[in-house]
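*Asks:* One structure, pasted below without further comment.
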Amino acid sequence: MVEEYIVEVEDVKEENLAKSICEAIIPQSNEMPLKDYGYPGPLLGTGSYKKVHLGKRWATDELVAIGKMDKTFIKEFELEEEIEREIEIFSILSDHPLMIKYIGQLEDNDYIYQIFEYCKNGTLKQLLTNKGFFDVELTRAFTA
């Protein structure tokens with residue numbers, strides 16, 4: 001389970017501990033487009049056409065989320081336009097303070113890899129599912 005690997009980051013010492021743990025569990029990628037990243041780490045989530053794993057950008061020591069999409073699946077279900085729209089929307093909204101940062105995209109012959117800012121507490125949906133509901137203060141934090 002991902003929770004076993006994710007350390008709550010309260011201060012710099014714990015952040016360094018979290019990065020050390022991630023170094024131990026995220027292998028150096030042998031996949032050519034991801035040579036600068038540790039991938040795949042623990043599975044963070046899945047969607048309709050994407051699996052997202054924890055990764056690490058070696059040059060900056062930054063934890064990232066890497067979504068992997070199978071090109072065959074995308075073509076089979078004619079999702080090319082949907083993927084292009086998703087990438088365009090992420091690119092436009094990436095600098096918005098309430099949106100996850102879209103770092104970029106890499107691809108090889110078989111897969112498209114989308115690289116995002118890593119959110120240690122998961123997605124808004126996961127937070128809502130775990131919490132059950134948001135009180136007024138938490139709602140204000142997300143809608144400010």
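Every number here is computed from the coordinates shown, using simple stated rules; none is lab data. Here the structure is a predicted model, which means the values were calculated and not measured. Cβ sites come from the backbone with ideal geometry, for glycine too, and all protein chains shown count toward neighbours.
*Asks:* Take the Cβ-Cβ distance between THR72 and LYS35 as r, set R0 to 35 Å, and report the resulting FRET efficiency rounded to the nearest 0.05.
*Replies:* So the FRET efficiency works out to roughly 0.95.
*Asks:* Which whole-percent values make up P(r) of region 92-133 when all C-alpha to C-alpha distances are grouped in 10 Å steps starting at zero?
*Replies:* For region 92-133, the binned pair fractions read 24, 38, 29, 8, 0 percent.
*Asks:* Here's something else I'd like to know. For the cross-link pairs LYS51/LYS101; LYS35/LYS75; LYS75/LYS125; LYS56/LYS120; LYS35/LYS68, which exceed 22 Å when the distance is taken from alpha carbon to alpha carbon?
*Replies:* LYS35/LYS75; LYS75/LYS125
*Asks:* Subtract the Cα-Cα distance of GLN126 and LEU43 from 0.36 nm times their separation in residues, and report this length gain in nm to one decimal.
*Replies:* 28.5 nm
*Asks:* Which residues' amide hydrogens lie under 5 Å from the amide hydrogen of GLY104, considering only partners 5 or more residues apart or on another chain, with H built in the peptide plane?
*Replies:* Residues meeting the amide H criterion: ILE115.
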